[in-house]
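Rule-based calculations on the coordinates, nothing more; no lab input. All figures in this text were calculated on a predicted structure; none of them were measured in a lab. With ideal geometry, Cβ positions are generated from the backbone for all residues, glycine too; neighbour counts draw on all protein chains shown.
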Amino acid sequence: MSTLSLDAEALYAELLRGVRGLLRPGGVLVGIRSGGAWLAERLQADLGLPATPGFISSALHRDDFAQRGLAGGGGATALPFAVEGAHVLLVDDVLYTGRTIRAALNELYDFGRPASVVLAVLVDRGGRELPIEAAFAAARIVLPAAQRLTLAREADGRLDFELRGGAQGR
Amino acid sequence: MLARRNPQLNAHGELIHLLSIEGLPRAVLTQILDTAGTFLSVSQREVKKVPLLRGKSVFNLFFENSTRTRTTFEIAAKRLSADVINLDIARSSTAKGESLLDTIANLSAMHADMFVVRHAESGAPYLIAQHVAPHVHVVNAGDGRHAHPTQGLLDMYTIRHYKRDFTQLVVAIVGDIQHSRVARSDIHALATLGVPEIRAVGPRTLVPGDLAGMGVRVCHDMAEGIRDADVVIMLRLQNERMGGALLPSAGEFFKSYGLTPDKLALARPDCIVMHPGPINRGVEIDSRVADGSHSVILPQVTFGIAVRMAVMSTIAGNQA
């Protein structure tokens, strides 16, 4: 295992601060399933916003469908507001190649034309393959391609990072 | 002896063709139903299309007539952004004497990625699946009396939608079980998904006795068959079976096995009534039932599109 430790809870507090500055009046939160959706749920509550945030699944627009097929699980897109004309703050756990964000943007556009979209993430791990950037990242690190960084949610709702693979001997 | 793999599954146990529900593990069926749930909402979006099959060509090969099934497959493929080519085979090359495999070879040379096949001969889709290139997928849209797996899956989706759980249900299938590929696919699916009581209801001439071997309770009495049922699946009485030795008349059949409000009152108060369509009012089902509050016949059609999208996207995403 890697010696790198990322305290997801501490980073969340940082993300909350960043999102508070980014969210426009009347703007909506949309979390990318599954990690970003957990974050959006908590942000919605901590920002005192009414009702529920939007959730978006990138599964139907992924560009690796031919290799991987349908990625199972995570849940479907649910946007309880009109996307047309909305100021959308997109939230995700880890920003890496940018491909998930590209797919999520396509999915979002299937519901209408938003007025604006900005992205906030818990961790930007570098390695971009598309011209996509986050307006806010609670942490910026560089990880080798062989490592997988994913957010997990414990039974009590606490967030944790899991880092797998490729760290041996480094 | 060589272990024979199910021809629908690849070495990883993933679905690459859908030929029959028989022999498919519960996890495969459940995954298709879950995926269909995702696709159901696509039809309600501003943009009713997702790009999963963009650039792929789906050939609808209907050697036997069907409007509803062909149309729902066509809509499903188009919602997945595939190019759809409909071939009215009955009126083309086959009529000129071309063999099935020659037809397939020619269409493959046109770069087909998927064949949706309906054929009067049981097993025709299996034959095609054995002869296509590894990247080509085959969906059985009904073969002879054998199977109609997408109808079976959409029936399961419908049942799960209204009843949530399969493991406490009594499901009655009523009518011409003998000649029904829908009944066969439903029975395999219901058994795989854990339905404890499956009943086959109909006259002796139309309900094969060997069904008991599949764990099905055979009932020749309609009242016994639908009493306390949670789900009643009515089958279409095919006109070509009428008047021969199998059935005296449509009127006679309706009297004994037609679903009327009186007979339906024997089932559970919250039961649902299903029918694969097209319905024959006054032959197997009374209009008051077909249009009544228990009927979920039209939702079945809507679910059918989402289920076919799920089947096509699942097999297209798996490699042989």
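Key figures
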| read-out | value |
| --- | --- |
| Under 5 Å, built H, 5+ apart or other chain: amide partners of residue B:60 | B:85, B:86, B:87, B:116 |
| Span-rule helices in chain B, defined as complete DSSP H runs reaching 24 Å or more along the axis (Cα) with Kyte mean at least 1.0 | B:297-316 |
| The stretch B:45-85, Rg to Rh (Cα coordinates; Rh as Kirkwood inverse mean 1/r) | 1.03 |
| Per-selection metrics, the stretch B:43-116 (Cα): Rg and Dmax in Å | 13.7, 46 |
| Rounded to whole Hz, the Karplus (6.51, -1.76, 1.60) HN-Hα couplings of the stretch A:90-97, x for glycine and proline | 8, 10, 9, 7, 10, 9, 10, 6 |
| Where GluC sites (Glu not before Pro) in DSSP loops with at most 14 other Cβ within 10 Å are excluded, longest remaining stretch of chain A | A:1-83 |
| The stretch A:20-170 - percent relative contact order, Cα under 8 Å, separation 6 or more | 20 percent |
| Positive-end residue of B:235, B:309, B:285, charge dipole of the stretch B:214-320 with Cβ unit charges | B:309 |
| Tensor-based shape of the stretch B:183-271 (alpha-carbon gyration tensor, a/c under 1.5 rounded, otherwise prolate or oblate) | oblate |
| Sequence of B:38, B:30, B:67 once ranked by neighbouring C-beta atoms within 10 Å, starting from the fewest | B:67, B:30, B:38 |
| Relative contact order, percent, the stretch A:74-118 [alpha-carbon distance under 8 Å, six or more residues apart] | 63 percent |
| Along principal axes, Cα extents of chain B, largest first, whole Å | 55, 48, 43 |
| Estimated D of chain A in µm² per second, where Rh is the Kirkwood radius over Cα pairs and Stokes-Einstein applies at 37 °C, 0.692 mPa s | 200 µm²/s |
| The stretch B:239-320 shape via C-alpha gyration tensor axes, a/c threshold 1.5 | oblate |
| In the protein assembly as shown, lysine pairs with alpha-carbon atoms under 25 angstrom apart (chain gap of 8 or more, or interchain) | 6 |
| Rg to Rh quotient for the protein assembly as shown, alpha carbon positions, Kirkwood Rh | 1.04 |
| Contact order normalised by residue count of the stretch B:104-207, Cα under 8 Å, 6+ apart, percent | 23 percent |
| Residue among B:247, B:193, B:264 with the largest mean-square fluctuation in a Gaussian network model of chain B, springs linking Cα atoms under 10 Å | B:247 |
| Binned Cα-Cα distance frequencies in the stretch B:110-177 - 10 Å width, integer % | 17, 37, 27, 17, 2 |
| Gyration tensor (alpha-carbon) shape descriptor, the stretch B:50-195, a/c threshold 1.5 | prolate |
| Chain A, dipole about Cα centre (Lys/Arg Cβ +1, Asp/Glu Cβ -1), debye to the nearest 20 | 280 debye |
| Neighbourhood charge, 10 Å Cβ-Cβ cut-off, centred on residue B:137 and excluding it, Lys, Arg +1 and Asp, Glu -1 | 0 |
| Cα centroid separation - the stretch B:179-242 against the stretch A:26-101, whole Å | 44 Å |
| Gaussian network model of chain B, springs between alpha carbon atoms under 10 Å - residue of B:147, B:27, B:36 with greatest fluctuation | B:27 |
| Residue with peak Gaussian network fluctuation, chain B [Cα springs, cutoff 10 Å], from B:162, B:126, B:257 | B:162 |
